[in-house]
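Contents: one structure, followed by commentary.
The values are calculated or read from the model by the stated rules, or taken from the named source; none is laboratory data. None of these values were measured; they are calculated from a predicted model. Cβ sites come from the backbone with ideal geometry, for glycine too, and all protein chains shown count toward neighbours. Heads up: the accessible areas ignore ligands, DNA and RNA and are worked out on the full protein's heavy atoms, side chains in. Shrake-Rupley method; radii C 1.70, N 1.55, O 1.52, S 1.80 Å.
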Amino acid sequence: MRVAIIGAGVIGLSSALCIHEQFHGLVPSLELEVYADRFTPHTTSDGAAGLWQPYLSDYGNLQETLWNKETFDYLLSHLHSPAAQEMGLFLLSGYNLFTEPVPDPSWKNIVLGFRNLTPKELELFPGYSYGWFNTALMLEGRSYLPWLTNRLTQRGVKFFHKKVESFQEVSGDGVDVVLNCSGMRAGDLQPDPALQPGRGQVIKVRAPWVKHFIITHDLKSGIYNSPYIIPGSELTVLGGIYQFGNWSEENSAKDHKAIWDSCCRLLPALQKAKIVDEWSGLRPARPSVRLERESICLGNLQAEVIHNYGHGGFGITIHWGCAMAAARILGSILQEKKQLASPPGPRL
Amino acid sequence: MASPKVAVVGAGVIGLSTALCITETCPSCSVTVLSDQFSPNTTSDVAAGMLIPHTYPDTPIHRQKQWFKETFTYLFAISNSAEASEAGIHLVSGWQVFKSTPKEELPFWSDLVLGFRPMSEAELQKFPQHRFGQAFTTLKCDCPPYLLWLEKRLKATGTQMFTRKAADLWDLHGEYDIVVNCTGMGAHQLVGDKQLFPVRGQVLKVHAPWVKHFIRDGDGLTYIYPGIHRVTLGGTREKGSWSLSPDPGTTRDIFHRCCSLEPSLQGAQGIEVKVGLRPSRQCVRVQREVLSRGGVKLPVVHNYGHGAGGFSVHRGTAKEAAHLVGECISALQGSLSRAKL
């Protein structure tokens, strides 16, 4: 039973690990293979700061809120494990800032210690009159992806550095199930007009005195188009760019200036911070995550594809919930193929 | 008296901040800082510099609250400015946790720090041995940066600083009109204050940059305070111990206690061990005195005995001491004009 995972970002690697953890004992013939044209540190997941935080509204998509919660709870349970540091996992508190009162987010009871900001705290942020404080988690892609890769390698999962041009390419080769975690370039495998780039750019600086995330919101310009500051374990990420439909992965001088000026206005001490790196990436934006099974007819062969892409700017936030959902779909497929007597473990 | 000459003895956080306040309230004064130690070799350099007040048994609470409020307000403004990183001042959030519910659920300073509230059940799950906790955001003064920043501000006002050990306050008479005694633990010998006693503290400074929150056990003995580059792990409170040598058994014990609170510290690197003697007293001595010897008078302002709470109240006590210096100057000018009659 061969399962091919296309994509080695946070979605591909975590789905692979989740599947291997759940099924390798039950399906002795299970073989997992990961195909990707980019591996860490060159994936979209590596550029992200790694903060667990969903968008302000789930737009009624309760399934995604549940996947977010599953991810947070899973990560929280690993916080005190010896692996936490290697995973790049740690607690981080901070501020979400608004220019007007807003409804509480879908995730207020998922994070720790969620509350409104006091007037004295708002004095720190002139121009903002309302906000939240909460404790969330950081999962740095630069550490998490290598950690996932190591766990998968230990489990005998094979990695192939190639750009897969079609599902047939892997399924025709004897692969039984394809897990499509190709993120931004899913459209190359199967056209999907709903999937569009949400281009972001970030500046990484050395500012070790910053101990909180600060995320501002401009309800008119939309998510991530307002400055944000997220301190990592080594570098602090400055951002605030979200350009829908822009496919460029080149750093823009105009965006650099917008990020730098707005973040320095937010935190004047940043003016003294040393710029270490700059990066642009494409958030794989979609009205909702595509997480579903598709049977594809290829000549006289039928291939099972499990799609798991379109996580926009919340891939890290939602990844484990989606990995488990993908694993459940695989479980159904394995049952049908009589590889499994019954589903493994309780349904979530 | 055109330009009163003021000597401030001591160059820790108390000496430097007091000197700075004097230059602010008395611009015509000529201020000189004298100390046998400067940063990074002062007691202040060992401390984490967290703004979490220590309660002095014999100082009225309203006075301690005023000192803390002035200090917090002053540092809050710096943390919000472009100078924050140079001054070493930054905001930090975290938790104070208790194994048993404290008698006083609300400390006197709870409305002065930011966002003070009891921890939720979910938050307490991170601390299985603790049953109650408080979450809040406060400020931290990293040393040496903060002391170096104070020194820089002082130099800009024309204040001079000299390495010099004063064996006796009277050594300074003649050179200076007023002496300000900010000698911390040194006051034990310098002015023979037997109410002043050391409380030895050993700390570890480690590299663990993923630790972004402070964690403090309400008993005050175990704490984790993340600074700009290093995390301070503590500690001990050894009353009456004068030893400045690090103790290896204590180092292991501190590390073990802190890892219980924050398991990820197991991966901490580069452990540096430091020892400081908290200059402890039942109340902070902020007081004016006129020493007299053979018909000669020497006005002295004392500002020492801050124990475990130096950083938390430094600006407030510095301002009070500067005010007392002003009173000394008025008294001197009064006696000068009387002398002329």
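So for region B:104-123 (the condition being more than 9 Å from chain A (Cβ to nearest Cβ), in contact (Cβ under 8 Å) with a residue 12 or more places away in the chain, in a strand (DSSP E or B) and closer than 29 Å to B:Gly15 by Cβ), does at least one residue qualify? No, region B:104-123 has no match at all. State yes or no: is A:Pro191 open to solvent by 10 Å² or more (accessible area, probe 1.4 Å), more than 14 Å from chain B (Cβ to nearest Cβ), of a type outside the set (Gly, Ala, Ser) and without any contact (Cβ under 8 Å) to a residue 60 or more places away in the chain? Spelling it out, A:Pro191 is indeed open to solvent by 10 Å² or more (accessible area, probe 1.4 Å), more than 14 Å from chain B (Cβ to nearest Cβ), of a type outside the set (Gly, Ala, Ser) and without any contact (Cβ under 8 Å) to a residue 60 or more places away in the chain. Among the residues that make up region A:256-272, is at least one of them part of a loop (DSSP other than H, G, I, E, B) and under 22 Å from the mean Cα position of the chain (by Cα)? Checking region A:256-272: not a single residue is part of a loop (DSSP other than H, G, I, E, B) and under 22 Å from the mean Cα position of the chain (by Cα). For region B:169-179, the criterion of being more than 14 Å from every other protein chain (Cβ to nearest Cβ), free of Cβ contacts under 8 Å to residues at least 40 places away in the same chain and either on the phi < 0 side of the Ramachandran plot or of a type in the set (Asp, Glu) (or both) is met by at least one residue. I need the helices (runs of 4 or more DSSP H) fully contained in region A:132-226, keeping only those with at least 2 residues that are within 15 Å of the chain's Cα centre (by Cα) and not charged (D, E, K, R). Qualifying helices (runs of 4 or more DSSP H): A:141-154. Of the residues making up region B:230-239, not one is of a type in the set (A, V, I, L, M) and in a loop (DSSP other than H, G, I, E, B). Quick check on region A:61-69. Is at least one of its residues within 14 Å of another protein chain (Cβ to nearest Cβ) and at positive phi? Checked region A:61-69: no residue is within 14 Å of another protein chain (Cβ to nearest Cβ) and at positive phi. Counting the residues of region A:62-92 that are in contact with a Pro (Cβ under 8 Å, 6 or more places away or on another chain), under 12 Å from A:Ala136 (Cβ atoms) and part of a helix (DSSP H, G or I) gives 1. In region B:124-137, of all residues being within 11 Å of chain A (Cβ to nearest Cβ) and out of contact with any Phe, Trp or Tyr (no Cβ under 7 Å at 6 or more places or on another chain), the one that is farthest from B:Pro263 (Cα to Cα) corresponds to B:Thr137. The set of residues in region B:77-97 that are surrounded by fewer than 20 Cβ atoms within 10 Å (Cβ to Cβ) and either more than 10 Å from chain A (Cβ to nearest Cβ) or not small (Gly, Ala, Ser) (or both) comprises B:Asn80, B:Glu83, B:Glu86. For B:Thr250, state whether it is within 19 Å of the chain's Cα centre (by Cα), surrounded by 15 or more Cβ atoms within 10 Å (Cβ to Cβ), within 30 Å of B:Ala135 (Cβ to Cβ) and polar (S, T, N, Q). The answer is no for B:Thr250. The condition of being farther than 27 Å from A:Arg265 by Cα, in contact with a strand residue (DSSP E or B) (Cβ under 6 Å, 6 or more places away or on another chain), open to solvent by 10 Å² or more (accessible area, probe 1.4 Å) and of a type in the set (Ser, Thr, Tyr) holds for A:Ser182. Among the residues making up region A:79-128, a single one is basic (Lys, Arg) and more than 8 Å from chain B (Cβ to nearest Cβ): A:Lys108. Within region A:180-235, the set of residues being within 21 Å of A:Arg290 (Cα to Cα) and among the β-branched types (Val, Ile, Thr) comprises A:Ile223 only. Just so you know, in region A:149-170 the residues that are buried (at least 20 other Cβ atoms within 10 Å of the Cβ) and at pLDDT 95 or above include one that is nearest to A:His80 (Cα to Cα), and it is A:Leu152.
Per this entry, B:Ala321 is counted among residues that are small (Gly, Ala, Ser) and open to solvent by less than 10 Å² (accessible area, probe 1.4 Å). Take A:Ser233 and tell me if it is at negative phi, of a type in the set (Gly, Ala, Ser), in contact (Cβ under 8 Å) with a residue 40 or more places away in the chain and open to solvent by 40 Å² or more (accessible area, probe 1.4 Å). Considered against the rule, which asks whether it is at negative phi, of a type in the set (Gly, Ala, Ser), in contact (Cβ under 8 Å) with a residue 40 or more places away in the chain and open to solvent by 40 Å² or more (accessible area, probe 1.4 Å), A:Ser233 comes out as no. Apart from one condition, A:Pro287 fits all of (1) open to solvent by 60 Å² or more (accessible area, probe 1.4 Å); (2) in contact with a helix residue (DSSP H, G or I) (Cβ under 9 Å, 6 or more places away or on another chain); (3) within 25 Å of A:Pro54 (Cα to Cα); (4) not basic (Lys, Arg); the exception is (2). Just so you know, in region A:19-42 the residues that are part of a loop (DSSP other than H, G, I, E, B) and in contact with a strand residue (DSSP E or B) (Cβ under 8 Å, 6 or more places away or on another chain) include one that is surrounded by the fewest Cβ atoms within 10 Å (Cβ to Cβ), and it is A:Asp37. Take the conditions (1) in contact (Cβ under 8 Å) with a residue 24 or more places away in the chain; (2) more than 14 Å from chain A (Cβ to nearest Cβ); (3) touching a strand residue (DSSP E or B) at 6+ places or on another chain (Cβ under 8 Å); (4) not β-branched (Val, Ile, Thr); B:Ala322 misses just one of them, which is (3).
Scanning region B:217-229 for residues that are more than 7 Å from chain A (Cβ to nearest Cβ), under 24 Å from B:Ser85 (Cβ atoms) and part of a strand (DSSP E or B) returns B:Tyr223, B:Ile224, B:Tyr225. Of everything in region B:253-304 that is of a type in the set (A, V, I, L, M) and in a helix (DSSP H, G or I), the residue that is nearest to the chain's Cα centre (by Cα) is B:Ile254. In the set (1) open to solvent by 60 Å² or more (accessible area, probe 1.4 Å); (2) closer than 21 Å to B:Ala19 by Cβ; (3) at pLDDT 95 or above, the condition left unmet by B:Asp111 is number (2).
Of the residues making up region B:22-51, those that are buried (at least 24 other Cβ atoms within 10 Å of the Cβ) and out of contact with any strand residue (DSSP E or B) (no Cβ under 6 Å at 6 or more places or on another chain) are B:Ser35, B:Thr42, B:Ser44, B:Ala47.
Considering only residues that are assigned to a loop (DSSP other than H, G, I, E, B) and open to solvent by 50 Å² or more (accessible area, probe 1.4 Å), which ones fall in region A:93-127? Of everything in region A:93-127, those that are assigned to a loop (DSSP other than H, G, I, E, B) and open to solvent by 50 Å² or more (accessible area, probe 1.4 Å) turn out to be A:Thr99, A:Glu100, A:Pro101, A:Pro103, A:Asp104, A:Lys108, A:Asn109, A:Glu123, A:Pro126, A:Gly127.
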